[in-house]
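Data block below; observations after.
Every read-out reported here was derived from the displayed coordinates using simple, explicitly stated rules and does not represent laboratory data. Just so we're clear, the structure is a prediction, and the values are computed from it rather than from any experiment. Note that we place each Cβ from the backbone using ideal geometry, even for glycine, and neighbour counts take in every protein chain shown.
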Amino acid sequence: MTARQQPKNLWISRWGFILAATGSAVGLGNIWKFPYITGEYGGGAFVLVYLACILAVGVPVMMAEIALGRRGRGSPIDAIATLARESGASPLWRVFGWLAMLAGFMILSFYVVVAGWSFSYLWKMASGALSGQSVAELGVIFDAGNASPWALGGWATLVTIITMLIVGRGVQEGVEKSVRWMMPGMVIMLMIMIGYALTSGNFSAGFHFLFDFDMTKLTSEGLLAALGHAFFTLSLASGAILTYGSYLPAGTSIARTTFTVAIADTLVALMAGLAIFPIIFANGMDPSSGPGLIFMSLPVAFNQMPFGQFFGVLFFAMLSIAALTSAISMIEATVAWLTENRNMSRIKASWIAGVALWLVAMFAMLSFNLGAEWKFAGKHFFDWLDYLTSRWMMPIGGIAMAVLAGFVFKSSMMRDELDLSAGGYRLWVFMIRYVSPVCIVAIFVDALGLANLEIGDWPYFLAAILIACLIGEMLSPRLRERAPAR
């Protein structure tokens, strides 16, 4: 390892990285969206497809990002530039490091506004402001909170400040020590709520909603939902995992660590479903209400339950922790770049990034109130941040990471970092070169509405993967020749 590659920060242990990466993956959307789409698209059948998609897309790309981060030992921009030099590739590849870092920053710019909802409802539930309210009255409360720039902006500001306080303390003292209590704390809260649902909610209905194996519900839309969620849930192509990987000690198994994170992420999402949906069904509520269910319908259920205020506070505390663990991962790439390239202390870099984040977040917050009429091409600023990152930047970044790891950078470099058996490495190369990129292209095309695949179209989709394999192998003889013998 050269002097440039010596890490300034390292996780104290492998579990520190696993907890941080799992925290990054388990966000607000995962606690609600994954359980909901699981029930809608066939329960156990959807879970099996989702796990297959995790193996086909999430795990190979996550392994690549961790390996690139650990080998490059820097922010996404610096790590990719370092590896390009080591591989004799064009330095222009670093533009995808910029893309990843910018995507994470832009996502967080609107995410802190959404996270502010969780913190505000934690306070409202604890103070009793939601007691005795009907669904309609809770809807008025929710709309009133968004209509006030002082209220909505204040909560978003609080999330930003807490995030930067944690990140500013450093990788070990700030990020790792925080997730060491936040992630176990969130799991304990989930287990308490599941225990309550077993005795007081309609646990049987919630369990069947999540796990009944119904292939008739598994439409092409469901297959794409599983594919898209498998990619986005692991915080890929946003700079977070690559930067976290740069702090991973040498000798730590990337494959085992990646599988552990993927399994933990899926288990937490399913546990959230087992905690939430029995309560929903016990109170005769519609499980397809999305965010409205969490902030408008679910508090009514808590109000009708014994010890409902306690469990309501527990739920929104869990939601707030999930928001924070994701937030600290998405700003880490920007802070790492500032400390490495602008000779800043960790604290100074954190607060400069935090001020920039806060300014952009305030423009996003105004989309709900004073800036409700400010639209470009029919979208608010908040909507544009979401649209550009989820529909364009992350899929393009994911394809770029797969191409860099599979085709551009030296095979010997990736083999050394992954340290897999000969068969395991060949399988990973096959997945990262062909299967993962083609699947991400499918996500990309579907997200843009350029094609509507039906169930009957999937054999052609699989054939496209095979054709991509053949073309890729024809175009990459030089890479095969330079792959070291084992």
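Table for the structure above
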| item | result |
| --- | --- |
| Peptides 46-53, 249-256, 62-69, 160-167 ordered by average Cβ neighbours within 10 Å, highest first | 62-69, 160-167, 46-53, 249-256 |
| Kirkwood Rh in Å, taken over the chain so that all alpha-carbon pairs contribute | 23.1 |
| CYS469 versus MET191: modelled label distance in nm, points set 7 Å from Cα along the beta carbon direction | 4.2 |
| Listed peptides 81-88, 236-243, 267-274 by packing density, highest first (mean Cβ within 10 Å) | 236-243, 267-274, 81-88 |
| Inter-label distance, nm, simple model (7 Å from Cα along the C-beta direction), ASN9/ILE263 | 2.8 |
| Under the span-like rule (Cα at least 20 Å along the axis, Kyte-Doolittle mean at least -1.0), DSSP H helices of the chain | 95-127, 149-168, 177-200, 254-282, 308-341, 346-365, 458-475 |
| Whole-number percent relative contact order across the chain, with pairs defined as alpha carbons under 8 Å at least 6 apart | 32 |
| Reachable lysines, given that their alpha-carbon falls under 29 Å from the alpha-carbon of LYS217 and they are not under 8 places away in the same chain | LYS33 |
| Shape category assigned to the range 64-105 from the gyration tensor of Cα positions, a/c cut at 1.5 | oblate |
| Within the chain, helix-based [θ] at 222 nm, where runs of 4 or more DSSP H residues each add -39,500 (n - 2.57), nearest 500 | -22500 deg cm²/dmol |
| Reachable lysines, given that their alpha-carbon falls under 30 Å from the alpha-carbon of LYS348 and they are not under 8 places away in the same chain | LYS8, LYS177 |
| Cα centroid separation - the range 132-189 against the range 224-255, whole Å | 23 |
| Debye log10 I(q)/I(0) for the range 227-352, one point scatterer per Cα, at q = 0.15, 0.18, 0.20, 0.21 Å⁻¹ | -0.89, -1.05, -1.16, -1.22 |
| Theoretical gain in end-to-end length, TRP181 to VAL140 [0.36 nm per residue, Cα-Cα removed] | 11.3 nm |
| Pair THR157, ASP383: separation of 7 Å Cα→Cβ label points (nm) | 2.8 |
| Tensor-based shape of the range 311-424 (alpha-carbon gyration tensor, a/c under 1.5 rounded, otherwise prolate or oblate) | prolate |
| Selection from THR325, ALA151, GLY308 lying farthest towards where the dipole of the chain points positive, charges on Cβ | THR325 |
| Cβ-placed point charges (K, R +1; D, E -1), dipole of the chain about Cα centre in debye, nearest 20 | 1760 |
| Hits among aspartates and glutamates - C-alpha to C-alpha of LYS410 under 18 Å, sequence gap 8 or more where chains match | GLU65, ASP78, GLU86, ASP419, GLU473, GLU481 |
| Share of pairwise Cα separations in the range 92-187, more than 15 Å, in percent | 73 |
| Positive-pole candidate from ILE54, GLY406, SER118, dipole of the chain, charges at beta carbon | GLY406 |
| Gyration tensor (Cα) of the range 1-123, equivalent ellipsoid semi-axes in angstrom | 32, 20, 15 |
